[in-house]
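Novice: Okay, handing you the structure first.
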Amino acid sequence: MSYRELSYWLSTVDEPLAARPPLPGDTDADVAIVGAGYTGLWTAYYLARADPALRIVVLEREIAGYGASGRNGGWCSALFPTSLTGLARRHGRGAATAMQRAMQATVREVGRAVAAEGIDCDWAPGGTVVLARTDAQLGRARAAVEEARAFGFGPEDLALLDAGEAAARCAAEGVRGGTYTPHCAAVHPAKLVRGLARAVERLDVTIHEGTPVHEIRPGAVVTPAGRVRAPVVVRATEGYTPELPGQRRAVVPVYSLMVATEPLPAETWARIGLAERETFSDHRHVVIYGQRTADGRLAFGGRGAPYHFGSRVRPGYDREPAVFAALRRTLGELFPVLGPDVAVTHRWGGPLGVARDWSASVGLDRATGLAWAGGYVGDGVSTTNLAGRTLADLILGAESDLTALPWVGHRSPRWEPEPLRWLAVNAGLRVMFSADAAEARTGRPSRRAALFGRFLGH
Ligand SMILES: Cc1cc2nc3c(=O)[nH]c(=O)nc-3n(C[C@H](O)[C@H](O)[C@H](O)COP(=O)(O)OP(=O)(O)OC[C@H]3O[C@@H](n4cnc5c(N)ncnc54)[C@H](O)[C@@H]3O)c2cc1C
């Protein structure tokens, strides 16, 4: 499969997707970074800006943006995988609020950086509308707003919408209310990651593509072409992390899949809305997400693809016809104007990383020089930028507001060995799907889904 076929986004970047030269042989560097997605590239970007003398080498098995960074839903949001309540339980109220404020500032920082670097990624800061279409979903919308208020966030951060207000933003079938936050921008994710790769090269960072890393050890990265010796090594491999020696149980790769329609005419958009290119979702359990693209398509995705035994990641897992069909059905249910005559032109997917306690984390072990960031679940488009700035501070030894945030240095427990992992993750998916189906029938919230969420520590 050519790189362009990996996602609608990669098929529309305005540059050749030929790999940069691979690592030529043994090399010395100050910082070696494994993975050229947003995490690796933002880390290189902020490090190189802070200290232009640093020798920074990024090693990528395929091409920059091959992973989730070139395939995602393009929500650059202030969402963080752990809720405010969950963060407060573990780290205290102040830390939870600081984390949320840092995420909001990160959305603004990505906007600033793409403008400063001239990265044309269809940036549209239209916020996010999350719809409620059943009683159970309305209950979760109210609960989300109550939680925000309890932590000092006002309507300017998260507003409760009545049916009319929600439908004015996104006129999905049967909308009864929802929530709206301005803290999100829709982006073209592949233009962002490819533009970022060029931006770090302008800062004299070296990117070697077509260079698989077989092992990360203190002071060195091992590839078939040679080693990069570096006192600091950053692991930025997210959903692919379980393939590295010793990391099998660090995160589970969960697949998220997407479809995109043909460009829709103005009359159709007049009926759907999303006039400010708001990203949209609803308050169901199995996450769905969408955006109106700059060229007038509806790009729409969801989780729910099966987890594969042994945390395996394979290109074929990106394509699950049953999930694509379910996404297409859901689109038609949400927007009857998108009937069978409206063509879906693109289908794709990719792996994201989920830690056992659902916590994203970033850190540097000073004793070994090994650094990492990941476990963003489906919230990495902006969180990777916060990770990159934080890693730069940690590596340069700067104490800052960022290095004091509660996710820094957090160590998630490892996932269960197989077959328990396979049983638990796939059972969880089934519980969430059946909860959504039951709620759609009865309107009442599912107790089983809430219990399972607690088991996962979500
Ligand atoms: C379909 C989909 C939709 C999503 N939607 C959203 C969204 O709307 N908003 C949001 O915030 N998040 C979303 N996410 C999640 C988000 O895309 C990720 O959290 C983010 O891109 C992670 O970036 P990363 O750089 O850490 O990982 P990746 O982008 O996966 O990059 C990892 C890189 O490491 C390379 N690599 C791996 N192993 C090796 C090795 N051994 N040697 C060399 N290189 C290696 C890979 O080839 C890859 O390029 C979505 C994810 C998917 C899959």
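Novice: Among residues belonging to the range 341-387 that are more than 7 Å from the ligand (Cβ to nearest atom) and acidic (Asp, Glu), point out the one that is least open to solvent (accessible area, probe 1.4 Å).
Specialist: Among them, the one singled out is 357.
Novice: Does at least one position in the range 260-274 carry a residue that is surrounded by fewer than 16 Cβ atoms within 10 Å (Cβ to Cβ), modelled with pLDDT of 90 or more and among the aliphatic types (A, V, I, L, M)?
Specialist: Yes, that holds for at least one residue.
Novice: Quickly run through the range 277-320 and pick out the residues that are aliphatic (A, V, I, L, M) and assigned to a loop (DSSP other than H, G, I, E, B).
Specialist: First, the residues of the range 277-320 that are aliphatic (A, V, I, L, M): 286-288, 294, 298-299, 305, 313.
Hits for the range 277-320 are 286, 287, 294, 305, 313.
Novice: Then there is this: Given the condition part of a loop (DSSP other than H, G, I, E, B), farther than 23 Å from residue 71 by Cβ and in contact with a Pro (Cβ under 9 Å, 6 or more places away or on another chain), answer yes or no: does some residue in the range 236-255 qualify? Steps first, answer last, please.
Specialist: Here is the first cut: in the range 236-255, the residues part of a loop (DSSP other than H, G, I, E, B) are 236-237, 244-251.
If we keep only those that are farther than 23 Å from residue 71 by Cβ too, we end up with 245-246, 248-249.
Those left that are additionally in contact with a Pro (Cβ under 9 Å, 6 or more places away or on another chain): 248-249.
Taking every residue of the range 236-255 in turn, at least one turns out to be part of a loop (DSSP other than H, G, I, E, B), farther than 23 Å from residue 71 by Cβ and in contact with a Pro (Cβ under 9 Å, 6 or more places away or on another chain).
Novice: Something else about it: So which of 89, 55, 61 is open to solvent by 10 Å² or more (accessible area, probe 1.4 Å) and within 30 Å of residue 316 (Cβ to Cβ)?
Specialist: 61
Novice: Checking the conditions here, which among 436, 393, 401 is more than 19 Å from the chain's Cα centre (by Cα), modelled with pLDDT of 95 or more, away from the ligand (no atom under 14 Å from the Cβ) and surrounded by 14 or more Cβ atoms within 10 Å (Cβ to Cβ)? Working first, answer last.
Specialist: Details: 436 fails: modelled with pLDDT of 95 or more; 401 fails: surrounded by 14 or more Cβ atoms within 10 Å (Cβ to Cβ).
Answer to the selection: 393.
Novice: Which condition breaks for residue 282 when tested against (1) over 30 Å from residue 414 (Cα atoms); (2) at pLDDT below 95; (3) within 14 Å of the ligand (Cβ to nearest atom)?
Specialist: The one condition residue 282 does not meet is (3).
Novice: Shifting gears a bit: Please pick out the residue among 322, 326 that is over 30 Å from residue 26 (Cα atoms), without any contact (Cβ under 8 Å) to a residue 60 or more places away in the chain, surrounded by fewer than 16 Cβ atoms within 10 Å (Cβ to Cβ) and not aromatic (Phe, Trp, Tyr). Lay out the reasoning, then the answer.
Specialist: Values: 326 fails: surrounded by fewer than 16 Cβ atoms within 10 Å (Cβ to Cβ).
Of 322, 326, the one residue that is over 30 Å from residue 26 (Cα atoms), without any contact (Cβ under 8 Å) to a residue 60 or more places away in the chain, surrounded by fewer than 16 Cβ atoms within 10 Å (Cβ to Cβ) and not aromatic (Phe, Trp, Tyr) is 322.
Novice: Among all residue pairs at least 6 apart or on different chains, which show Cβ distances below 6 Å where the first residue, located in the range 50-68, is near the ligand (Cβ under 6 Å from one of its atoms) and the second is assigned to a loop (DSSP other than H, G, I, E, B)?
Specialist: 59/211; 59/213; 60/36; 60/209; 61/212; 67/37
Novice: Still on this structure, please answer the following. Looking at 201, 215, 238, can you tell me which residue is in contact with a strand residue (DSSP E or B) (Cβ under 6 Å, 6 or more places away or on another chain) and open to solvent by 50 Å² or more (accessible area, probe 1.4 Å)?
Specialist: Criteria check complete, one pass: 215.
Novice: Return the pairs, sorted by first residue and then second, in which the second residue is open to solvent by 80 Å² or more (accessible area, probe 1.4 Å) and at pLDDT below 80, the first residue lies in the range 420-446 and is over 14 Å from residue 303 (Cα atoms), the beta carbons are less than 7 Å apart, and the residues are 6+ apart or on different chains.
Specialist: Cβ pairs passing all conditions: 435/448; 439/445.
The values are calculated or read from the model by the stated rules, or taken from the named source; none is laboratory data. Predicted model only: the values in this text are computed from it and were never measured. Note that each Cβ is placed from the backbone with ideal geometry, even for glycine, and that neighbours are counted across all protein chains shown. Heads up: the accessible areas ignore ligands, DNA and RNA and are worked out on the full protein's heavy atoms, side chains in. Shrake-Rupley method; radii C 1.70, N 1.55, O 1.52, S 1.80 Å.
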